[in-house]
1. Please identify the pairs in which a residue from the range A:233-255 that is closer than 13 Å to residue A:273 by Cα has its Cβ atom under 6 Å from the Cβ atom of a residue that is surrounded by fewer than 24 Cβ atoms within 10 Å (Cβ to Cβ) and of a type in the set (Asp, Glu), counting only partners at least 6 apart or on another chain.
2. Which one of these is surrounded by fewer than 20 Cβ atoms within 10 Å (Cβ to Cβ) and at pLDDT 90 or above: A:286, A:214, A:191?
3. Hey, does the range B:169-187 have a residue that's modelled with pLDDT under 80, under 26 Å from residue A:178 (Cα atoms) and not small (Gly, Ala, Ser)?
4. Can you confirm whether residue A:199 is in contact with an Asp or Glu (Cβ under 7 Å, 6 or more places away or on another chain), in contact (Cβ under 8 Å) with a residue 24 or more places away in the chain and part of a strand (DSSP E or B)?
5. Within the range B:124-155, count every residue that is open to solvent by less than 20 Å² (accessible area, probe 1.4 Å) and either of a type in the set (Ser, Thr, Tyr) or modelled with pLDDT of 90 or more (or both).
6. Taking into account only those residues within the range B:103-123 that are over 15 Å from residue B:183 (Cβ atoms) and assigned to a strand (DSSP E or B), which is most open to solvent (accessible area, probe 1.4 Å)?
7. Within the range A:167-183, restricting attention to residues that are buried (at least 22 other Cβ atoms within 10 Å of the Cβ) and small (Gly, Ala, Ser), which residue is modelled with the lowest pLDDT?
8. Among the numbered criteria (1) more than 7 Å from every other protein chain (Cβ to nearest Cβ); (2) farther than 26 Å from residue B:6 by Cβ; (3) open to solvent by less than 10 Å² (accessible area, probe 1.4 Å); (4) touching a residue at least 24 places away in the same chain (Cβ under 8 Å), which single criterion is violated by residue A:55?
Amino acid sequence: MDTVVSIQVVCGESNSMEMVEAQINRAFEAFYHVEQACSRFSIDSELMRACRQIETPVPVSPFLFEPLKFALEMAQWTDGVFDPTVGKVMEEHGFNRHYLTGQSVQSTVTDSELVTYRDIVLNQQDRTLYLKTPLVIDLGAVAKGFAIDLAANELNQFEGFVVNAGGDLFAGGVNEQGYPWEIGIQHPESKEHIIHTLDVSNKAVCTSGSYERKSVDVTGMHHIYNPTTRQSPNDWISCTVIAPFAMMADAFSTASFMLGLEKGSRLIEQVGLEGILISSKLQIVKVGGVL
Amino acid sequence: MDKKWVILCSTAVAAVYAAGYFTTETQASIVQPPLYIEENHQSNDVQPNDMPTISSQTNNSQTNNSQTNSSQTNNSQTNNSQTNSSQTNSVEPTTPIIRLYQDGTYTGLGKNRRGSIQVAVTFKNDKITDVEISKFAMHYSKRDVVGLPEEVLQIQSAQVRNVSGATYSTRAFKDAINDAMSQAQNA
């Protein structure tokens, strides 16, 4: 995950420093575990190792199994617009550099452009992953959210906390003044401005934007890719979703980004979430009764 | 709200604990289990079904803990990313005689792998009276943080707004302020 992870905790006097720090360390470990399991950018991750075994049930840890299961549900829900099998396409379009080493990953998998989420089969009973055909799984839209949720779970006992992973975050409890956390949403075109502010308690806020990561190889392509149209969607410039879990906010912000103006906002409404969507013409659309 | 997705998420978190990952691998970092469990019951209203399984074994080996209120905890060993933790203890309004901060100007530093920010924070009568960015060496525009000193003056705390989408500079700035505050506190 190419992100700075920051954790902020509000604790009462009864908490000892040692205990607070130990708990924060545990929260950080969630990111380590999820990254080890889900990274598409290191060939040794559990994900990439599993992707090299075709037509074999591979037992996988919950750090990989769970976000993958969620991604597949989302794929089904959106009829394949959201699809975790876009890994190889992303790789070929330049989204393949490891953020620490700078080395680009070229997986040995050669998939066809026709792979879909239906080529992945998860078995809940023995918790195995089975690939019908060679492909590269990309969990970019769920793994970070899952790590945030695990970290948040470690910090539950504090009066308040914020787990912020590069702008996707979970804000628990209250801030040190006893109020809900104030979360700003960045203006997509001028970094120094905040386009909207939310008061949040025990909720996740995730933003999918096309303004941060652009492809160096293909003009007009950014890190969100729609496999059914084979293009990067551009109806929205930024989609923020507020949800009780970060994995949910993460996946739904990406999915609504994919689905465009009408379907995107309807998706958020359907599920009963709140969202702040900004069109490429900088029109703000509020969904689900968000203030 | 569509319960299906909520259930998917909460069972996902629970599955990790059911598999025993967090308890077996991070026991060394649990310092005071009894206190922790007590606290847990009090304020656990977020996800009651997803309580971590806590080992009752006491283990005093501290691997990573620093005693001071350091504004920067580097977890790059285990985390592969630059990480910061900041901590805020609530100030008791009933004890105004005790000075929390020593008057004077303190220099605080906040950094991550995108660069560093240095601030000069002036305290007078337990209040922040001046905040200045004395050095800005981030790989981003200084405009990102230009309004933040004013915000610190207003709210009298380092807890400037979180920005969804661009956090590197803000984070480093907060750390710098926290650093200066803890220096003033311990002076």
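The values are calculated or read from the model by the stated rules, or taken from the named source; none is laboratory data. These numbers were taken from a predicted model, which means no experiment stands behind them. Quick reminder, even Gly has a Cβ in these numbers, built from the backbone with ideal geometry, and neighbours come from all protein chains shown. Side chains included, ligands, DNA and RNA excluded: accessible areas come from the protein's heavy atoms. Shrake-Rupley method; radii C 1.70, N 1.55, O 1.52, S 1.80 Å.
1. That search, which allows pairs on different chains as well, returns A:242/A:274.
2. On the way: A:214 fails: at pLDDT 90 or above; A:191 fails: at pLDDT 90 or above.
When all the criteria are applied, what remains is A:286.
3. The initial filter retains those residues of the range B:169-187 that are modelled with pLDDT under 80, namely B:186-187.
Imposing the further condition that a residue be under 26 Å from residue A:178 (Cα atoms) reduces the set to B:186.
Retained after the next criterion (residues that are not small (Gly, Ala, Ser)): B:186.
Within the range B:169-187, one or more residues are modelled with pLDDT under 80, under 26 Å from residue A:178 (Cα atoms) and not small (Gly, Ala, Ser).
4. Values: in contact with an Asp or Glu (Cβ under 7 Å, 6 or more places away or on another chain): yes; in contact (Cβ under 8 Å) with a residue 24 or more places away in the chain: yes; part of a strand (DSSP E or B): yes.
For residue A:199, the condition - in contact with an Asp or Glu (Cβ under 7 Å, 6 or more places away or on another chain), in contact (Cβ under 8 Å) with a residue 24 or more places away in the chain and part of a strand (DSSP E or B) - is met.
5. 2
6. At the first step, the residues of the range B:103-123 found to be over 15 Å from residue B:183 (Cβ atoms) are B:111-117.
Keeping just the survivors that are assigned to a strand (DSSP E or B) gives B:111-112, B:115-117.
Numbers: B:111: 105, B:112: 14, B:115: 16, B:116: 31, B:117: 0 Å².
Within the range B:103-123, the match that is most open to solvent (accessible area, probe 1.4 Å) is B:111.
7. Restricting to residues being buried (at least 22 other Cβ atoms within 10 Å of the Cβ) and small (Gly, Ala, Ser), the top hit is A:167.
8. All conditions pass for residue A:55, except number (3).
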